[in-house]
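See below for the structure under consideration.
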Amino acid sequence: MQIAARSSADQADPPPPSSGADARFEELTTEFLAAQYAARPVMATAMGVSDYDAHLDDFNRFAIRDDGQRVRAYLHAIDKISLSTLAFENRLDYRMARSDAQMTLIALEQRRWPERNPLRYLEIIFAGLFSLLDGEKDSLEPRAVGLLGRLKAVPDALADACRNLKAPPR
């Protein structure tokens, strides 16, 4: 399957999977990535998906909780697939997807970045703005519309960050 960014226009006719396990992995991953792109618009832009360019990631504590639950559910679902039943390409994608999901859960649950890392909020916000300033993929007008939407979302994002931070390093 090769995990890659897919906009809604790119998802028309994926190649047929080679087995039931491959089909299941690809279905789970496609659904998961679609949900992740909607929940993490800055990541979506970085992956080449422009559908969410006018939005910033939602730092509301409920959105962060939902992100962890979504990642855990995806990890649980792909863990039911035997690695040996997947085609070679999907084995690589499976390992990468599983590792990324585990790292996300560690960041959320053990390191608790939303409570402890103020810099991470700024990294996401500025990456979201810069990705639209630096973009060569789209014409100027869609990037400007996206940039304006993200700029309007900055005050709410910073307010959520302030509410979430409990024990940042001093």
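Panel note: the C-alpha atoms of segment 93-158, placed on their principal axes, show extents of 40, 32, 14 Å (largest first).
How would segment 78-120 be classified by its alpha-carbon gyration tensor: rounded, prolate or oblate, with rounded meaning a/c under 1.5 and the a/b versus b/c comparison settling the rest? Judged from the Cα gyration tensor, segment 78-120 comes out prolate (a/c at least 1.5, a/b above b/c). Here each label is just a point 7 Å from Cα along the line to Cβ, and for residue 23 and residue 170 those points are 6.0 nm apart.
Our helix-only sum for the chain, with -39,500 (n - 2.57) per DSSP H run of n ≥ 4 divided by its residues, gives a mean residue ellipticity at 222 nm of -21000 deg cm²/dmol. Working value for the chain: equivalent-ellipsoid semi-axes of 30, 22, 11 Å, each the square root of 5 times a Cα gyration tensor eigenvalue, largest first.
The residue 154 and residue 112 beta-carbon pair, evaluated with R₀ = 25 Å, returns a calculated FRET efficiency of approximately 0.60.
A Gaussian network model of the chain, with springs between Cα atoms under 10 Å, assigns the largest mean-square fluctuation among 25, 59, 130 to 130. The length gained by stretching the chain between residue 120 and residue 38 to full extension, at 0.36 nm per residue less their Cα-Cα distance, is 27.6 nm. With axes computed from alpha carbons, what is the tilt in degrees of helix 140-164 against the longest principal axis of the chain, rounded to the nearest 10 within 0 to 90? Around 80 degrees separate the two axes.
Where a number appears in this text, it was derived from the coordinates with a stated rule and is not lab data. All values reported here derive from a predicted model rather than from experimental measurement. All Cβ positions, even for glycine, are placed from backbone atoms using ideal geometry, and neighbour counts span all protein chains on display.
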